[in-house]
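The values are calculated or read from the model by the stated rules, or taken from the named source; none is laboratory data. For clarity, every value in this text was computed on a predicted model and none was experimentally measured. Positions of Cβ are generated from backbone atoms using ideal geometry, with glycine treated the same way; all protein chains shown enter the neighbour counts. These accessible areas exclude ligands, DNA and RNA; they are computed on the full protein's heavy atoms, side chains included. Shrake-Rupley method; radii C 1.70, N 1.55, O 1.52, S 1.80 Å.
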Amino acid sequence: MSETLCELVDVSKWFTLKERIKGKSLLKAVDGVSLKIKDGETIGLVGESGCGKTTLGRSLVRLYEPTRGKFYFSENGQKIDLFSLKNSDFEKFRPKIQMIFQDPYSSLNPRMTVLDIITEGLKNQKVPARERKNLASEMIQVVGLKREYLTRYPHEFSGGQRQRIGIARALVLKPKFLICDEPVSALDVSVQAQIINLLVELKQSFGLTYLLISHDLAVVKYISDKIAVMYLGNIVEVAKTDDLFDNPLHPYTKGLLDSIPIANPRLRKLSKGILLQGELTSPIDPPNACLFAPRCPYKMKRCTQEKPKLKQVSAEHKVACFLY
Ligand code: SF4
């Protein structure tokens, strides 16, 4: 059985708004996320746009300073809380935790050559120039591009090729944990499968662990061992992929799964899911209650008075709902 590589405990990222909205000013984009990720595992993080998935990913690589919580990373038998490290100490761990960004058009500096883009992190780690070039030549081929492309600029490439460059930039640092933030959502459908298959191959070859952020349930189902469902900054359900699809428990998860289009009209009629409708709770100073309550057909009085905690309902299935 694999060891836990990453453990998130009560991770939160709150933003203070410059201007108060209806007297309120604290936007809780991520609020108390706890999650364990095993070495070699792929966890899919799903939820509607704006639910805090990307903010969580960016907080883990400290592109945003987390408001509170702990992020334990295991290395050589030691558990280190990366959030407690000073910036200079965190830099030593940065190569181990890398991120692939959603938009391959804006995530590559147009003024830098592909060589400079791929080796920027190595330069920060003081790797000598000759070694940087050798590693970049090797890595660009690993992601399916030609070595000659190293002297070119991002605008000379298609979206799929740019995403491969972004993947090479992350992998050249030999990370253990890779956060993939909507890695294919900005790409043509025809190249999405190529990039997903590349990520699957790279995971095997390099022994990687993934946090895959996506709103595309088909992509997440294909690649993930486990899925965490996020709603307004909170994890509301976590389960093994098959278990989540076969036996979703949280009403929001049921609604999300039911939003997957079914081509067969007969099966579509048989679908007994939940239609996601109703107004979203504001993440600005949210109430101490179930945030899904305004949209939930099973809402009870208790749901508006108390916030449900994530509870273990079977060996690897947790849900935050008073129905369980
Ligand atoms: Fe619905 Fe209540 Fe469960 Fe929230 S806690 S999902 S409102 S039943």
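A few notes on this one:
- For the chain, the spread of Cα positions along the three principal axes, ordered from largest to smallest, is 66, 51, 46 Å.
- Taking θ as phi - 60° and the Karplus parameters 6.51, -1.76 and 1.60, the scalar couplings of region 105-116 work out to 7, 9, 8, 10, 5, x, 8, 9, 6, 4, 4, 5 Hz in sequence order, x denoting glycine and proline.
- Stretchable slack from S84 to R68, in nm (0.36 nm times residue separation minus alpha-carbon distance): 4.8 nm
- Gaussian network model of the chain, springs between alpha carbon atoms under 10 Å - residue of I179, I227, I284 with greatest fluctuation: I284
- Contour excess over end-to-end distance, with Cα ends at Y324 and Q125 and 0.36 nm allotted per residue: 66.8 nm
- Isolated cysteines of the chain, defined as having no other cysteine beta carbon under 4.7 Å away, are C6, C51, C180, C296, C321.
- Rolled with a 1.4 Å probe across the full set of protein chains, the surface gives L35 an accessible area near 10 Å².
- Approximate spin-label separation E91-E279, in nm, with each point projected 7 Å along Cα-to-Cβ: 4.9 nm
- Report note on the peptides 120-129, 195-204: ranked by the mean count of other C-beta atoms within 10 Å, highest first, their order is 195-204, 120-129.
- Residue-normalised accessible area of the chain, expressed per residue, 1.4 Å probe, Å²: 51 Å²
- Cα gyration tensor, region 1-130 - rounded (a/c under 1.5), prolate or oblate: oblate
- Separation of the D242 and Y222 label points, Cα + 7 Å toward Cβ, nm: 2.0 nm
- The portion of the accessible surface of region 90-226 made up by carbon and sulfur, rounded to a whole percent, is 48 (1.4 Å probe; DNA, RNA and ligands excluded).
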